[in-house]
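S.K.: Can you keep this structure in mind? I'll have questions shortly.
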Amino acid sequence: MTDTTSSKLLTSKAKEIVCNVSEHFRNEGKGFLERTAEATGVGRTTVVKVRREKTQTGKMQSPTMHKREDYKSLDNFEDCVIRNKIHQFYTVRKQLSTFKGIDVKVAFDKCIT
């Protein structure tokens, strides 16, 4: 049996292949979902989702890539402010700093625009 917990994304062509294999096994008889999952190397749930996508939309779509947001470069002043906030977490508050905590603290103090 294949490892079905790999969580790889399927392209539209791979989804089309899964759908075609599923249709072939469906015409042959019972247990087509398990046979399709074993033959294509994807999970049973993935086969169901691909078949649902085909019936609802009539076409297969590849997953889209999300573009990263541009980051803001910091000058020396902003760099020092963030460094001081991190030190405050350790020395004054006696806590481990997290990105969320630092972000909240810097936004609350309105040190950086």
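S.K.: To make sure I understand the rule: partners must be lysines, Cα under 17 Å from the Cα of Lys94, and not fewer than 8 residues away in the same chain. Which ones qualify?
M.R.: Cα-Cα hits under 17 Å: Lys85, Lys105.
S.K.: How far is helix 44-57 tilted off the main Cα axis of the chain, in degrees rounded to 10, range 0 to 90?
M.R.: 90
S.K.: Mind checking which lysines have their Cα closer than 28 Å to the Cα of Lys15? Skip sequence neighbours fewer than 8 apart in that chain.
M.R.: Within the straight-line cut-off, Lys15 pairs with Lys30, Lys49, Lys54, Lys59, Lys67.
S.K.: Might you report the magnitude of the Cβ-based charge dipole of the chain about its Cα centre, with Lys and Arg at +1 and Asp and Glu at -1, to the nearest 20 debye?
M.R.: That gives a dipole near 300 debye.
S.K.: So, one more: Quick one: compute the contact order of segment 12-57, relative version, from alpha carbon pairs under 8 angstrom and 6+ residues apart, as a percent.
M.R.: 36
S.K.: Using alpha carbon centroids, what distance separates segment 8-54 and segment 68-101, in Å?
M.R.: Going from one Cα centre to the other spans 48 Å.
S.K.: For the chain, find the longest principal axis of its Cα atoms and tell me its angle to the long axis of helix 12-28, 0 to 90°, nearest 10.
M.R.: Result, in degrees: 30.
S.K.: How high is the relative contact order of the chain? Use alpha-carbon pairs under 8 Å, at least six apart in sequence, and give a whole percent.
M.R.: 22
S.K.: Calculate, for Glu28 and Arg52, the FRET efficiency according to 1/(1 + (r/R0)^6) with r their C-beta to C-beta distance and R0 22 Å; round to the nearest 0.05.
M.R.: Rounded to the nearest 0.05, the efficiency is 0.55.
S.K.: Roughly what angle does helix 99-109 make with the longest principal axis of the chain, taking Cα atoms, 0 to 90 degrees, to the nearest 10?
M.R.: It works out to around 40 degrees.
S.K.: While we're here: Which order do the peptides 97-105, 71-79 come out in when sorted by mean C-beta neighbours inside 10 angstrom, highest first?
M.R.: 97-105, 71-79
S.K.: For Cα extents along the principal axes in Å, several values are listed as [x] 70, 28, 20; [y] 62, 33, 27; [z] 45, 31, 16; flag the one computed from this structure.
M.R.: [x]
All of the numbers you see were taken from the coordinates with simple rules; none came from a lab. Everything quoted here is computed from the prediction, not taken from an experiment. Neighbour counts are summed over all protein chains in view; Cβ atoms, including those assigned to glycine, are modelled from backbone coordinates with ideal geometry.
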